[in-house]
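For reference, the structure discussed in these notes is given below.
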Amino acid sequence: MKFDAGRCHGAYQKLEPEEDQPLPERLEDFLVALRARTGNSDDVVVQYHTVAGCALAVVMFEGQVSNQQVSQLLLGPLGRLAPEEAQDSAGVLKWLRDGTLLASDQKEARTMNEVLTLAMSGFAVVVVDGQKTAVALGYQGFMTRGVGEPSSEVNLRGSREGFCEVINYNVALVRRRLKSGLLTVESMDTGTVSRTKIKILYLRGAVSSSLIQAVRKKLAQVDISVVLDSAYLQPFLDRGRFSFFSGTGSTERPDVLCAKLAEGRIGVLVDGTPFALIVPFLFAEHFQTMDDYTHRPYFATFLRLLRMAAFFVTVFLPGYYVAMVTYHPDLIPDLLLSSLIGSVLYTPLPAFWEAVLVFLLYELLREAGLRLPRPIGHAVSIVGGLVIGDAAVSAGLVGLPMVILIALTAVTSFVVPSLYQPVTILRLLFLFAGGMLGLFGIYLGLGIFLVDLCSLQTLGIPVTAPAAPLDTRSMRDLLVRAGWKKLEQSDLRVDDVPGAEKRAGDDCVGGGPVL
């Protein structure tokens, strides 16, 4: 038999969804169809019962339901059902539907796909012989990670709660902070094979109806087999063309998502991942944190400017240095010229290849320290930073100014962690531009960078707003953060007219006014 290596990547292979069919009326036909659809899988649990003279089956998946709840709240009441309470199969189904059984969530299933999706989501599905409708009772008992502190977004003051992998818990974290009827939650499934549940969250009266319709349309057009993370949906919400930056953001913090919803954004939660998507997401928001709204305005402004400066340093500094020492040494101050040129002359590689070598070495060490277990990862950092770095400088393979330069750009790249991926590639591209074309290449690349950024839109909203196009009213929360007495003038009030619409991004571009 020939082995097809391409089929190993199942998550990226297009799988055709199984054809759905109505629920068979006869219980025997349903059980045959169930075994055929699941391939006689061992984790399918089917319990047969006869209640009031009617045959029924309880379908569950092993490890998805709580056995204690099923025994106490389902099997126990079924065993005590008297014949006079249900004369036939329709009476048994009515008895089940009327809420006699205790369950946190109750749904109905009329097709085989609905039965399988609910059973795989922790429901016990009761199928009664002679009926084309099944009753699904929510007795979820699968193991979950509790609500903990987010690891990717650390703050000094405020909430320590972060999203977890269970979508219902994540919705509850948002609802607990926004106790308003304006908060609306919509559900839909995506992934033809995984049938992953997603939730769309928005505040009526704060978000534009056209934006909501655009997000619904984009998510409905997702045609992939498996959705395992919110990042799978992000390309479908962005504009179709290639860009280093995205108009869709992500957050692990419920308070950040609530603040964005109050600004007129839309949040997308995906079952199985602790990261929520925010649509639209402006470029300036990468330099803002939730702590900015707990600090004094002058200190928050200082931190924002510092993050902006760190971004430009980590992107442009290596390429600018290589361009100066290679093509424009006359522009270097006399006090620095001797040390920099001496470092370049006494190393075997040109400045350009020296920078590329150190840059790639740093990325290799970072990736090794990130993927290895933590005890070994610390050892890799020590060996890479102290042993290899010091030995390379002592042997004259790499100049000391280059090591200091790459270390500085490495530190500044972590100041804005949400931009680390585009920053890494842009730093390398500007390094090539400076090494081949000098300062002309740097300025040319800067122009291309600005044109690409200014042309990027998400669902019709410019990513560079409110700077381009300029909105002076929103500039109070861009680089300079105004005080709360001024920011609160645009707060969303509970007594606002629900039908009133505002364009997303009109009020603020930061963590913004919350309810």
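Roughly how many percent of the accessible protein surface of the stretch 183-236 is carbon and sulfur, given a 1.4 Å probe and a whole-percent answer?
Values: 1160 of 2240 Å².
Heavy-atom surface of the stretch 183-236 belonging to carbon and sulfur, 1.4 Å probe: 52 percent.
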Inset, instruction - Would you please give the residues with an amide H less than 5 Å from that of GLU108, counting only those at least 5 places away or on a separate chain, with H modeled from the backbone geometry? - result: ALA136
Legend entry - Rounded tilt (10° steps) of 400-413 against the dominant C-alpha axis of the chain: 30 degrees
Legend entry - Gained length - ARG216 relative to VAL154, 0.36 nm times residue gap less alpha-carbon distance: 19.2 nm
Inset, instruction - Tell me which residues come under 5 Å, amide H to amide H, from GLU165 once H is placed; ignore anything under 5 positions away on its chain. - result: ARG145
Inset, instruction - Write down the accessible area per residue of the chain in Å², having rolled a 1.4 Å probe over the full set of protein chains. - result: 50 Å²
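Give me the percent of accessible area attributable to carbon and sulfur for the stretch 264-345, probe 1.4 angstrom. Walk me through the intermediate numbers first.
Working: 2420 of 3310 Å².
The nonpolar share, carbon plus sulfur, comes to 73 percent.
Compute the Cα gyration tensor for the stretch 269-315, then decide on rounded, prolate or oblate, letting a ≥ b ≥ c be the square roots of its eigenvalues: rounded whenever a/c is under 1.5, prolate when a/b is larger than b/c in the other cases, and oblate in all that remain.
Oblate is the answer for the stretch 269-315, as a/c is 1.5 or above yet b/c matches or exceeds a/b.
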Legend entry - Set LYS94/LYS179; LYS179/LYS486; LYS132/LYS199; LYS218/LYS486 screened for pairs whose C-alpha atoms are more than 26 Å apart: LYS94/LYS179; LYS132/LYS199; LYS218/LYS486
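Could you order PHE61, PHE244 by accessible surface area, starting with the largest, using a probe radius of 1.4 Å? Don't skip to the end; give the middle numbers.
Values: PHE61 15, PHE244 70 Å².
Solvent-accessible surface, decreasing: PHE244, PHE61.
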Inset, instruction - Quick one: angle between helix 439-455 and the longest Cα principal axis of the chain, in degrees between 0 and 90, rounded to 10, please. - result: 30 degrees
Legend entry - Amide H contacts under 5 Å for THR248, placed H, 5+ residues apart: PHE281
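Calculate for the chain the 222 nm mean residue ellipticity that helices alone would give, adding -39,500 (n - 2.57) per DSSP H run of length 4 or more and normalising by residue count, nearest 500 deg cm²/dmol. Could the numbers behind the result be given before it?
Details: 18 runs with 206 residues, N = 515.
Helix contribution divided over all residues of the chain: -12500 deg cm²/dmol.
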Legend entry - Shape of the chain, Cα gyration tensor, a/c cut at 1.5: prolate
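Could you give the length gained on full extension between ILE341 and ALA368, defined as 0.36 nm per residue of separation minus the Cα-Cα distance, in nm? If you can, show how the numbers build up before the last one.
Values: separation 27, 0.36 × 27 = 9.72 nm, distance 3.30 nm.
So the extension gain works out to 6.4 nm.
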Legend entry - For the stretch 129-141, 3J(HN,Hα) per residue [Karplus equation, 6.51 cos²θ - 1.76 cosθ + 1.60, θ = phi - 60°, Hz, x = Gly/Pro]: 5, x, 10, 9, 10, 10, 10, 10, 10, x, 10, 4, x
Legend entry - Sparsely packed chymotrypsin sites (Phe, Trp or Tyr not before Pro) within the stretch 334-367, loop by DSSP, other Cβ within 10 Å at most 13: TYR346
Legend entry - J(HN,Hα) series, the stretch 277-287, from Karplus relation 6.51 cos²θ - 1.76 cosθ + 1.60, nearest Hz, glycine and proline x: 8, 10, 10, x, 10, 8, 5, 5, 6, 5, 9
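Report the full-extension gain for the segment SER41 to ASP20: residue separation times 0.36 nm, less the Cα-Cα distance, to one decimal in nm.
On the way: separation 21, 0.36 × 21 = 7.56 nm, distance 1.88 nm.
So the chain would gain 5.7 nm between SER41 and ASP20.
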Inset, instruction - Working from Cα positions, state the angle (0 to 90°, nearest 10) between the long axis of helix 351-371 and the longest principal axis of the chain. - result: 30 degrees
Inset, instruction - Per residue of the stretch 299-311, in order, report the coupling 6.51 cos²θ - 1.76 cosθ + 1.60 (Karplus, θ = phi - 60°) as ³J(HN,Hα) in whole Hz, putting x for Gly and Pro. - result: 6, 5, 5, 4, 5, 5, 5, 5, 5, 4, 5, 4, 4
Inset, instruction - Could you order peptides 213-224, 248-259 by the average number of other Cβ atoms within 10 Å of their residues, highest first? - result: 248-259, 213-224
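The values are calculated or read from the model by the stated rules, or taken from the named source; none is laboratory data. A quick note: this is a predicted structure, and the numbers were derived from the prediction, not measured. Neighbour counts are summed over all protein chains in view; Cβ atoms, including those assigned to glycine, are modelled from backbone coordinates with ideal geometry. These area figures cover heavy atoms from the full protein model, side chains too; ligands, DNA and RNA do not enter into them. Shrake-Rupley method; radii C 1.70, N 1.55, O 1.52, S 1.80 Å.
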